[in-house]
Amino acid sequence: MAKAILVIDVQNDFCEGGALACTGGAAAASRITAHLKQNKSNYDFVIASRDWHTPDSENGGHFPAAGNQPDFVNTWPLHCIADTAGSQYHPNLDTSLIDIHIKKGQGQHGYSIFEGADESGTDFQALLQKLEITEVDVVGIATDYCVRASALDANRLGFSVRVITGLTAGVSQESTEQAIDEMVDQGIEVSPVA
């Protein structure tokens with residue numbers, strides 16, 4: 001029985017100045033680093049995901065077709081293209097504290113970390129089973145999209161899940177509040193602090 005913290009998509013493109021920026025993203029990155037430094041012994045594994053979208057591809061409809069504008073519901077501005085500056089971890093996140101790196105969204109939407117795989121290609125759910133992880137804390141960006149999707153998937157698959165909202169940043173207040181309500185309704189523990 002092991003516990004992991006899932007650090008979701010703390011990337012340049014999701015922080016201030018990025019292609020799909022969330023207000024408070026850079027500050028969330030700093031708070032996550034501080035939390036990891038103070039609480040690393042509470043976790044068996046620190047696992048971080050990154051959107052890693054395939055260049056020159058609509059990524060399964062995640063990006064609009066050429067010449068079309070994103071609708072910000074199903075399609076989004078180009079972001080987190082593999083190996084670009086926007087796809088890199090935000091500098092406020094201390095990557096030396098991360099044990100396992102997950103890439104997701106390769107040719108697909110990839111909202112949830114469960115759609116990703118590690119560096120060796122092991123899919124995320126299989127990795128958790130291999131590591132005997134049963135409990136996860138979920139933090140990162142964005143509360144109302146990829147954090148939400150990752151937490152809901154973990155809950156649906158039977159993991160004990162806590163979302164620490166003080167270590168997240170959302171796209172909008174309204175959609176963040178809706179996401180928190182949805183997660184609570186599904187039995188996920190949502191706490192402002194660890």
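Overview of values
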{"quantity": "Inter-residue pairs, beta-carbon under 7 Å, first surrounded by fewer than 15 Cβ atoms within 10 Å (Cβ to Cβ) and in the stretch 151-177, second among the hydrophobic types (A, V, I, L, M, F, W, C), 6+ apart", "calculated": "166/193"}
{"quantity": "Members of the stretch 45-84 that are small (Gly, Ala, Ser) and assigned to a loop (DSSP other than H, G, I, E, B)", "calculated": "57, 60, 61, 65, 66, 67, 82"}
{"quantity": "Selection from the stretch 165-189 of residues that are assigned to a loop (DSSP other than H, G, I, E, B) and either touching a Phe, Trp or Tyr at 6+ places or on another chain (Cβ under 9 Å) or of a type in the set (Gly, Ala, Ser) (or both)", "calculated": "170, 171, 172, 187"}
{"quantity": "Candidate set: the stretch 178-194, residues that are charged (D, E, K, R) and more than 23 Å from residue 105 (Cβ to Cβ); chosen: the one surrounded by the most Cβ atoms within 10 Å (Cβ to Cβ)", "calculated": "189"}
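None of the figures in this text is laboratory data; all of them are computed from the coordinates on show. Note that the coordinates shown come from a computational prediction; the quantities given were computed from them, not determined experimentally. We place every Cβ from the backbone using ideal geometry, glycine too, and count neighbours over all the protein chains shown.
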